[in-house]
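Heads up, the thing below is written out as structure tokens.
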Amino acid sequence: MGKVSWKDPSYFVNEIFVEESCVELEYTKEILERAQLPWFVVPDRGKPNDLDDEYVHNLSAGKKQLFLCRNRGQFFKPCPGTREYQCCDYQVLNTGANCPIDCVYCILQAYLNSPWLIHYVNTEQLFAELKQPLSKSGGPFYRIGTGEFTDSLALDRITKLSSQLVPFVAKSENAILELKTKSGVIENLEHLDHRGKTVIAWSLNSPLVMKEQEIRSATLDERLEAAGKCAQWGYKLAFHFDPIIEYSGWQDAYVETIERLYSAVPAESIVWISLGALRYLPKLKEIGALRFPSSRIYFNEFILGLDGKQRYFRPSRTAMYSHIYKSLKEKAADNTCIYFCMESDEIWQEVMGFTPKEKGGLPKMLDDAVQFA
């Protein structure tokens with residue numbers, strides 16, 4: 001019997017719950033038709049069941065249940081960055097929460113308090129919120145991502161949200177959309193009129209970390225194969241080495257990933273690559289140890305950072321960053337922006353030899369990379 005592929009982790013979902021006022025929405029009906037799964041109605045503002053009573057213990061069970069409901073808050077808002085570290089001025093489009101992939105290090109385990117896979121179906125409000133800022137001529141430039149609280153494409157076979165978002169953003173003069181994933185789900189992207197306004201991004205890691213710490217995710221080969229196809233379809237690409245994890249043999253392992261990346265994908269298609277070492281809210285260590293007792297990633301030496309997260313000591317971070325940055329620079333195209341996610345000017349200067357301010361700021365570096373690609 002061959003190895004099970006999790007290229008499309010949406011097949012882990014086995015039932016759907018629908019908020020009562022959403023049952024008659026056309027988008028809801030389309031999702032139910034595509035999914036062909038048992039589904040049940042939930043009273044408005046109710047919840048599917050009592051799995052959240054013992055949230056972390058029931059998170060695995062919740063990842064099998066898709067909850068289609070309304071977002072009663074904002075869809076579109078700035079990324080909750082940290083002023084103590086360099087932030088990229090990302091704009092978050094909140095399309096749902098949780099994903100069927102189960103990463104040992106996932107910060108959402110400590111950040112959220114519900115176990116279900118939540119997907120918002122009141123998309124009329126979503127696009128209404130986007131329309132005003134994206135229709136302003138001469139306004140600010142927006143880099144928008146849907147991958148802050150969920151994986152952008154892990155459920156796309158069922159939701160097909162990309163088929164609505166990509167053409168919508170394509171019509172804007174002042175925005176770019178980034179769809180970030182650990183899956184290989186790209187089928188809905190092939191024939192979309194994206195006009196170069198969508199960046200398809202993959203989180204990458206060493207092969208060992210991807211295998212042991214990113215449960216139900218696509219393999220490195222599956223992710224890179226998908227990236228290669230997206231490049232052929234004219235999409236800009238991005239990659240995120242985050243979190244970089246220190247373990248015996250990490251040096252050669254990350255170089256292997258980089259070599260395989262540039263063997264599979266044209267360097268000129270990559271607009272940006274981010275680097276970020278493992279960091280986590282202190283309570284995540286307890287949650288991670290409880291849910292994944294065989295993982296050792298939390299049992300290293302850490303220090304409390306200015307953002308209240310546990311981080312590797314600075315010498316360890318700079319050693320990892322320097323090694324990976326050097327390997328990337330040997331292969332990256334001149335137009336690719338390589339940057340740190342939430343690091344200090346001191347780290348930038350020590351590893352890259354400059355600070356974002358010298359280049360006009362990190363937001364400008366990223367804007368230029370994607371606008372002039």
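Quick note: the coordinates plus some simple rules give every number you see, no bench work behind them. Everything numeric in this text was worked out from a predicted model, so none of it was measured. Using ideal geometry, Cβ is built from the backbone for each residue, glycine included, and neighbour counts are taken over all protein chains shown.
General observations
- Amide N proximity, the stretch 89-116 versus LYS136 label position 7 Å along Cα-to-Cβ, cut-off under 20 Å: 89-94
- Sparse packing (at most 10 other Cβ atoms within 10 Å of the Cβ) combined with a DSSP loop state is found for the following chymotrypsin sites (Phe, Trp or Tyr not before Pro) in the stretch 240-335: PHE299.
- Under 22 Å from the Cα of LYS29 - lysines, other chains or at least 8 residues apart: LYS47, LYS63, LYS64, LYS160
- For the stretch 63-179, DSSP calls about 35 percent of its internal beta bridges antiparallel.
- Simple rule: put +1 on each Lys or Arg Cβ and -1 on each Asp or Glu Cβ in the chain, find the dipole, and look at THR257, TYR142, TRP116; the Cα lying farthest toward the positive end is TYR142.
- Over the chain, dividing the summed -39,500 (n - 2.57) contributions of all DSSP H runs of at least 4 residues by the number of residues returns a 222 nm mean residue ellipticity of -9500 deg cm²/dmol.
- Built amide H within the under 5 Å cut-off of TYR142, gap 5+: ALA175, ILE176
- DSSP-assigned coil residues among trypsin sites (Lys or Arg not before Pro) in the stretch 151-249, each with at most 16 further Cβ atoms within 10 Å: LYS160, LYS171, ARG195
- Under a model in which nothing but the beta-carbon of Lys, Arg (+1) and Asp, Glu (-1) is charged, the stretch 237-373 shows a dipole of about 480 debye around its Cα centre.
- Bridgeable lysines around LYS359 (alpha carbons under 28 Å apart, same-chain partners fewer than 8 residues away excluded): LYS77, LYS136, LYS180, LYS197, LYS236, LYS309, LYS326, LYS329, LYS331.
- Each of ALA369, TYR105, LEU237 was placed along the dipole of the chain (beta-carbon charges, centred on the mean Cα), and the one lying farthest toward the positive end is ALA369.
- Amide H to amide H, with H built 1.01 Å from N, PHE76 comes under 5 Å of ASN94, counting only residues 5 or more places away or on other chains.
- Mean separation of Cα pairs under 8 Å and 6 or more residues apart, divided by the residue count, gives the stretch 163-202 a relative contact order of 56 percent.
- The trypsin sites (Lys or Arg not before Pro) of the stretch 280-309 meeting both criteria, a DSSP state outside H, G, I, E and B (loop) and at most 15 other C-beta atoms within 10 angstrom of the site's C-beta, are ARG296.
- Taking other Cβ atoms within 10 Å as a rough exposure proxy, GLU222, GLU15 sort from fewest to most as GLU15, GLU222.
- Neighbour counts of C-beta atoms inside 10 Å place PHE354, PHE127, PHE149 in the sequence PHE354, PHE127, PHE149, starting with the fewest.
- Neighbour counts of C-beta atoms inside 10 Å place ASP89, ASP156, ASP252 in the sequence ASP252, ASP89, ASP156, starting with the fewest.
- Size of charge dipole - the chain - debye, nearest 20, with Cβ of Lys, Arg +1 and Asp, Glu -1, no other charges: 260 debye
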